[in-house]
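Derivation of every value follows stated rules applied to the coordinates shown; laboratory data play no part. Just so we're clear, the structure is a prediction, and the values are computed from it rather than from any experiment. Neighbour counts run over all protein chains shown; Cβ positions are idealised from the backbone, glycine included.
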Amino acid sequence: MPVIDINADTENLTLTVTAEFAAPIERVWYAYSDPRQLERFWGPPSWPATFLTWDHTVGGRADYAMTGPHGERHRAYWEFLEIEEPNRFSVLDGFSDDEGKPNGDLPAMRMDFTFEPTTDGTRMVTSSRFDSLEALEQVIAMGVIEGTRMAMSQIDAVLRDLREYAEGKGTTVEFIDDTHISITRLVNGPRDLVWRAYTEPDLIKQWMLGPDGWEMTECEVGLKAGDRYRNSWAPVGDNEGEPFGFEGEMLVVEAPRRAVQSERMQGTDGPDILSDVSFYEEDGATLITVIMEFPDKDTRDGILATGMTDGMEASYQRLESTVLAGESVA
């Protein structure tokens, strides 16, 4: 976890975040000055940012949107006040409406980012200054402290070469809290093709099968928010097991970057699970990240105990050996 301290100072009206990174100062600066890098961690895992404009000059402006797992969308902006590469920059950070105009009903703040080299890498201190105690307390009540910790937990994957970070590790599960997990898998193939493998029935049926000895008997996809989808599986021949399936609704579709869907076992009353899948490509490989939200800890543990991740790993291996290897792509 890069964040080592978050301090809310109600007397001086500041919120200060201190973080340390095992990367040189130039690499950390690049992560904060390139919008495609920044949007990978500027926002908690289930609220990723998309930078819509980017003018990285003094007096310039960057507009971004954060999209939640149910399609909620919040707009915000930076106005660059000072830039001294690679040691510091300052912005006015505020909320905006759907047209990008500042939203006066929500607090704005000055944010000062400073970077300094250390023996092992880089230390960053971010100080946010507010106009009033009410503004500081409002931002804290909105969950900025926990949100910052969750957002910054993603930066290690950004600062390291993607293959160095994830290649050969297989399907990896990280517990975020009692009701959220993060599942990652690096696959060798471009993002556009991985997106096709997730959204075209003919391709889905070639790899999304879990352990050997199963087949996909039903595959109805949803390609936009509000669409319903339905998938079913059954054992082949003499293999043991009971047929099963999942169905649900597409909540967010941002091709080829992200898809969020609700999930429940067919023929049951739930519980519903949220599956938030994102795709990031670097050097010809795509990192697949699945954030899953469960209604409670028992449901989380019960589903993981079924061997779900083993089945996912078998499917990802099949994805690489068939679809991404070009053996079965029409």
(request) Any chance you could check the Cα centroid distance between the stretch 105-165 and the stretch 1-79 for me, in angstrom? (result) 6
(request) Just grab the label-to-label distance for Thr114 and Ile176, each label 7 Å out from Cα along the Cβ direction, in nm (one decimal). (result) 3.2
(message) Could you compute the net charge surrounding Arg110? Neighbours are other residues with a C-beta less than 11 Å from the C-beta of Arg110; K and R count +1, D and E count -1.
(response) -4
(request) Quick one: what are the phi-derived ³J(HN,Hα) couplings along the stretch 165-176, Karplus 6.51/-1.76/1.60 with θ = phi - 60°, whole Hz, x for glycine and proline? (result) 6, 10, 5, x, 8, x, 7, 10, 10, 10, 7, 7
(message) If I stretch the segment between Glu134 and Glu215 completely, what's the gain in nm (0.36 nm per residue apart, minus their alpha carbon distance), one decimal?
(response) 23.4 nm
(message) Students often forget the sequence filter, so: which lysines lie under 24 Å Cα-Cα from Lys224 once same-chain residues fewer than 8 apart are removed?
(response) Lys205
(message) If you take every residue apart from Ile4 with its C-beta less than 10 Å away from the C-beta of Ile4, what net charge results, scoring Lys and Arg +1 and Asp and Glu -1?
(response) -1
(message) Need one number: nm distance between label points at Arg149 and Asp272, each 7 Å from Cα along Cα→Cβ, rounded to one decimal.
(response) 2.8
(message) I'd like the distance separating the alpha-carbon centroids of the stretch 170-218 and the stretch 276-330, in whole Å.
(response) 3
(request) Note down the magnitude of the dipole of the chain about its Cα centre, charges +1 on Lys and Arg C-beta and -1 on Asp and Glu C-beta and zero elsewhere, to the nearest 20 debye. (result) 520
(request) Among the aspartates and glutamates, select those whose C-alpha is under 15 Å from the C-alpha of Lys101, and discard any that sit fewer than 8 residues away in the same chain. (result) Asp63, Glu79, Asp93
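Return the calculated 222 nm mean residue ellipticity for the chain, to the nearest 500 deg cm²/dmol, obtained by summing -39500 (n - 2.57) across DSSP H runs with n ≥ 4 and dividing by the residue count.
-6500 deg cm²/dmol
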(request) Taking 7 Å along the Cα-to-C-beta vector as the label spot, tell me the Glu282-Glu254 distance in nanometres, rounded to one decimal. (result) 1.8
(request) Calculate one ³J(HN,Hα) per residue across the stretch 261-270 by plugging θ = phi - 60° into the Karplus curve 6.51 cos²θ - 1.76 cosθ + 1.60, and present them in order as whole Hz with x for glycine and proline. (result) 9, 7, 9, 8, 5, 4, x, 10, 8, x
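So, with +1 on the Cβ of K and R and -1 on the Cβ of D and E, and no other charges, what is the size of the charge dipole of the stretch 3-157 about its Cα centre, to the nearest 20 debye?
Result for the stretch 3-157 is approximately 340 debye, rounded to the nearest 20.
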